[in-house]
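Notes for the one structure printed next.
Every number in this text was worked out from the coordinates using simple rules, so none of it is lab data. Since we're looking at a predicted model, the values are computed, not measured. Cβ coordinates were reconstructed from backbone atoms using ideal geometry, including for glycine residues, and neighbour counts include every protein chain displayed.
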Protein chains: 2
Amino acid sequence: MSKCEQCIIREFNSLKALTKDELIRISGCKTSKEIKKGDVIFEEGDTINGVYCIKEGICKLSKLSANGKDQIIKLVVKGDLLGKNSIIREETSNLTATALNDMEVCFIPKNEIINDLKKNTDFSLDVLKQMAKDLKDSDNIIVNMAQKSVKQRLADILVYIHESFGVDDDGYLSVILSREDYANVVGTATESAIRILSQFKKEDLISTHGKQIKIIDLNGLKQME
Amino acid sequence: MSKCEQCIIREFNSLKALTKDELIRISGCKTSKEIKKGDVIFEEGDTINGVYCIKEGICKLSKLSANGKDQIIKLVVKGDLLGKNSIIREETSNLTATALNDMEVCFIPKNEIINDLKKNTDFSLDVLKQMAKDLKDSDNIIVNMAQKSVKQRLADILVYIHESFGVDDDGYLSVILSREDYANVVGTATESAIRILSQFKKEDLISTHGKQIKIIDLNGLKQME
DNA sequence: AATAAAATATGATATTTGTCATGCTTTTAT
DNA sequence: ATAAAAGCATGACAAATATCATATTTTATT
């Protein structure tokens, strides 16, 4: 099993603030897991007993709304520490995490994290900073949900995925979402998402091949009104 | 000037985790401020040099959107520590804070807070917990913005204000927002907010007297569809 | 390879929400 | 006290989005 103190992933998250000794201790009690595309990592209401350090793959965080739709709140990627909010709140998870492709994660027991938060101020300050950043991101999402049209929000998420996760060898977005997922990110009906993607295709902003989407006119999408 | 170590407000926020000595130190460098209704405490883009501990009054946190509307993200009340996110992020504020009624606040310089975050783990853990809770709240707001109708969101905010801030002697909501503010909370056009409030009035869910709103049928508002 | 199931696509229509116009009421300033 | 400004209210209409129906394509299963 790989060792935390040698793992490069930690540079992407708050674990980088831990000392070598602390990392060795965590290395000793962590467990590696492989998660298959489509698998649910944890569900709304689950008690989470640790955090998942994501080494590879992407998952969605979603929440069931009163009308039965599964709103996607966030895409979580390599380097993120999944589940830390529930751990810190000492409550069950308010979100469901589902793998969007095959993932490789390390599970670190809750007590280890809490222990380090109490003992290592560099670590807790870094977590604090990360959460403050997440809150700012949430503010922006709220404003966009409230003020932008579905078309703009859909253009936004395409640009976001393009810029954050890149494209494969053929130029297609490397994160593949179903049309329903796109609808659940922007908060609209699946048919509306499909319709608008078709429109984008007609306007030569994107091209598609099955579920795969290629962005043709990035600036056009950015300037969507 | 009042002393932090004797101030009861700190029980409402993370400052309760500070030691007596730390509170005395903060007491020595804080400044009390009176803020008039309508005054802007800080604006989007401002550098904030400390946090505001709110002793009395309510303010709104808003963010200007691309279409020129001022989306209200949150109402901030007695006990809240305003500005801590910007301080922690070490960036300028992403939000504008505007007093909704006359306020009394204590301004605590940034360095004092940062110092305590580094030295006192009880304090930093409590701040962490508060921010994790804020993030959960944001998740809920995002889901509601995405999935609920304007009518439902407007009913929600009325219920929220009723339950969080209570009513005056005549039964009117003690927080008074303009119709435009209501529109900017739920993310709709001012006319739409006015129209829906009129409709609520016709359906005997609320009654109004100028800007004042009285909730008549709380359950009716809660069950809005 | 054939079939069933799921996902995508699109039309028709209903509902929700936004925009513009206009009048009324309350508040503010002189 | 009065004029001006701001805020509230409502109608008419336009635009955006949801819903329901149905066809087609893609993916999964046997």
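Note the distances from A:LYS119 to each other copy's matching label point, with points 7 Å along the Cα-to-beta-carbon direction, in nm, sorted shortest first. Listed shortest first, these distances are 2.3 nm. Placing R0 at 56 angstrom, the Cβ-Cβ distance between B:LYS20 and A:GLN223 gives a FRET efficiency of 0.50 after rounding to 0.05.
Taking amide H positions as modeled 1.01 Å from N, with prolines and chain starts lacking one, the residues under 5 Å from B:GLU56 and 5 or more places away or on another chain are B:GLU104. Phi angles across region A:183-199 convert, under the Karplus curve 6.51 cos²θ - 1.76 cosθ + 1.60 with θ = phi - 60°, into 3J(HN,Hα) values of 4, 6, 6, 7, x, 8, 6, 4, 4, 5, 4, 4, 4, 5, 5, 4, 5 Hz, Gly and Pro given as x.
Value of Rg to Rh for region A:76-140, rounded to two decimals, is 0.96; Kirkwood radius and Rg both from alpha-carbon coordinates. Size check on region A:148-222: the Cα extents along the three principal axes, sorted descending, read 31, 22, 21 Å. Output the pairs from A:LYS36/B:LYS148; A:LYS222/B:LYS222; A:LYS222/B:LYS37; A:LYS30/B:LYS16; B:LYS136/B:LYS222; A:LYS110/B:LYS20 with a Cα-Cα distance over 29 Å in this structure; if there are none, say none. From A:LYS36/B:LYS148; A:LYS222/B:LYS222; A:LYS222/B:LYS37; A:LYS30/B:LYS16; B:LYS136/B:LYS222; A:LYS110/B:LYS20, over 29 Å: A:LYS36/B:LYS148; A:LYS222/B:LYS222; A:LYS222/B:LYS37; A:LYS30/B:LYS16; A:LYS110/B:LYS20.
Position B:GLY210: other-copy label points at 6.6 nm, ordered by increasing distance, label point 7 Å along Cα→C-beta.
Secondary-structure-derived ellipticity at 222 nm for chain B, considering helices only, amounts to -13000 deg cm²/dmol, per-run term -39500 (n - 2.57) for DSSP H runs with n ≥ 4. For chain A, the C-alpha radius of gyration sits at 1.09 times the compact-globule guess of 2.2 N^0.38 Å, with N the residue count. The distance separating the Cα centre of region B:1-43 from that of region B:156-173 comes to 26 Å. With the convex hull of its Cα atoms as the shape, the protein assembly as shown has an orientation-averaged projected area of 23.1 nm². Projecting 7 Å from Cα along the Cα-to-Cβ direction, the label point of B:CYS7 sits 4.3 nm from its equivalents in the other copies, listed shortest first.
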